[in-house]
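The values are calculated or read from the model by the stated rules, or taken from the named source; none is laboratory data. Because the structure is a prediction, the values reported are computed rather than measured. Cβ: placed from backbone, ideal geometry, glycine included. Neighbour counts: every protein chain shown. Note: areas computed on protein heavy atoms with side chains; ligands, DNA, RNA excluded. Shrake-Rupley method; radii C 1.70, N 1.55, O 1.52, S 1.80 Å.
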Amino acid sequence: MKKKEIKHQMIRQLSKDEKIPYDLLLFADETVEAIDKYIFDSDIYVLEQENKIIAVYVLQSINRNEIEIKNIAVVTDYQGQGVGKLLLKDAIYKAKEKGFKTIIIGTGDASIKQLYLYQKEGFEVFDIKKNFFLDNYLEPIYENGIQLKHMIMLKKELK
Ligand code: ACO
């Protein structure tokens, strides 16, 4: 599928009675249990191609001013074609539209591509949750050949 055929207008909010796309959410999170900690209290946005969900992001408000992207994922076949960037821009737009002042996202300390993408879209590191991946998961998680230890928290002010 060519990049230019995917537009942000194709992103829609999943209604509460639709099936939660766990298969895709599991690209960004290790377990269903971890996803279930935020998913029922969040808004899910999806991008479809030929009636199949190919990308997803999840927004959860923290308080009146802050909202967090809890999960963002693109199916393997569509990765590296700008879809992730499109989702991120859409999340920023929606957060602003809803009146939030700050948007937050967290990722692993070895998640190089994600750290690159988020910072390129204007997010800045503001906190590190030390040993997050060691304390919260039973099995070690590796990315880019490095074991994830800490969660890097990034934020973007919405002006
Ligand atoms: N290494 C470094 N940079 C890369 C790579 C790579 N392997 N692949 C793409 N990029 C760059 C692109 O060049 C682009 O930058 P550019 O505009 O300067 O060229 C940028 O990363 C974004 O590329 P996209 O094509 O928009 O990203 P993609 O559609 O692949 O989506 C995502 C990114 C969501 C991280 C996707 O790869 C994915 O689903 N990964 C698995 C799940 C995951 O890790 N999700 C995030 C976890 S954190 C969280 O959910 C809060």
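Things to note:
- Residues in the stretch 73-89 that are basic (Lys, Arg) and either free of Cβ contacts under 8 Å to residues at least 12 places away in the same chain or near the ligand (Cβ under 6 Å from one of its atoms) (or both): Lys85 only.
- The listed residue being in contact with a helix residue (DSSP H, G or I) (Cβ under 6 Å, 6 or more places away or on another chain), closer than 14 Å to Lys156 by Cα and of a type outside the set (A, V, I, L, M), out of Asp127, Asp90: Asp90
- Selection status of Asp23, open to solvent by 20 Å² or more (accessible area, probe 1.4 Å), within 15 Å of the ligand (Cβ to nearest atom) and not in a strand (DSSP E or B): yes
- For the stretch 102-154, a residue qualifies if it is assigned to a loop (DSSP other than H, G, I, E, B), hydrophobic (A, V, I, L, M, F, W, C) and open to solvent by less than 90 Å² (accessible area, probe 1.4 Å), and the qualifying residues are Ala110, Phe123, Ile141, Leu148.
- Residues of the stretch 112-136 classified as near the ligand (Cβ under 6 Å from one of its atoms) and polar (S, T, N, Q), total: 1
- Residue match in the stretch 90-100 (condition: open to solvent by less than 70 Å² (accessible area, probe 1.4 Å), outside any strand (DSSP E or B), closer than 25 Å to His150 by Cα and within 7 Å of the ligand (Cβ to nearest atom)): no
- Among residues of the stretch 28-67, those that are more than 18 Å from Gly99 (Cα to Cα), part of a loop (DSSP other than H, G, I, E, B) and out of contact with any helix residue (DSSP H, G or I) (no Cβ under 8 Å at 6 or more places or on another chain), counted: 7
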